[in-house]
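Engineer: First the structure, which I've put down as structure tokens, then a few questions once you've had a look.
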Amino acid sequence: MLIISHLRIGIGQGAAGAGGEAPSARQLCRNPRSLMSLATCNLSRGLYPESVNKSKRVAEMVVRHQGQKLDAHYLGYFDCFNQRLYYEAHDVLEQLWLADKHGPNGAFYKGLIQLAGAFVHLQKNRLRPAAALFKLAVANLEKYPRIHESLNLATTCELARKWLEVLEQGRFGVNPLTDQNSPALKLELEAHER
């Protein structure tokens, strides 16, 4: 719960109330988006909530992968995924998927996004939605050769099936994800399409 006893925000034109005055705390609380937007505009770098400036966050996550053989967003996905930053992995790869969602790799990127999304659900203890995304991920990834974009899809699909099986065997009553058993995805950078 957020309690605002005194709110003083310097705001420009367009943010004032009907009479030209700044909106009251009560008015802001009725619209949480406005409150979040106004509250974050003066935060120090690094303190912004996840919803603020997504493009900038994604750019920061992929910059170190620039200039490599594979796309920086693609490489950034694996970097985030393997650090248990599944939501960020989803965000990073989404940039690539949006540009190619109807192209030859559209379902491939979508499957990887769904795989990361399944682990986001596990982190939030949403077991049934995680299972649904594991199924969708496998369905999308199975459309491609065993090795695609330097990723062994047989291994990746088996990983998704294993997590799905554990969820189903536990009848969605126990979250199998722990710090000790977090999955990792490994690219086979010397592999060729087969």
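Taken together, the values in this text are just the output of simple stated rules run on the coordinates, not laboratory data. All values derive from a computational prediction rather than experimental measurement. Heads up, the Cβs are rebuilt from the backbone with ideal geometry, glycines too, and the neighbour counts pull from every protein chain shown.
Engineer: Excluding same-chain residues fewer than 8 positions from LYS56, which lysines have a Cα within less than 29 Å of its Cα?
Structural biologist: Result set, ordered by chain and number: LYS69, LYS101, LYS110, LYS124, LYS186.
Engineer: How high is the FRET efficiency from ASN181 to LYS54, r the C-beta distance, R0 30 Å, rounded to 0.05?
Structural biologist: Efficiency at R0 = 30 Å is approximately 0.55.
Engineer: Also, quick follow-up: Sum up the charges of everything whose Cβ sits under 15 Å from the Cβ of LEU164, counting Lys and Arg as +1 and Asp and Glu as -1, but leave LEU164 out.
Structural biologist: +2
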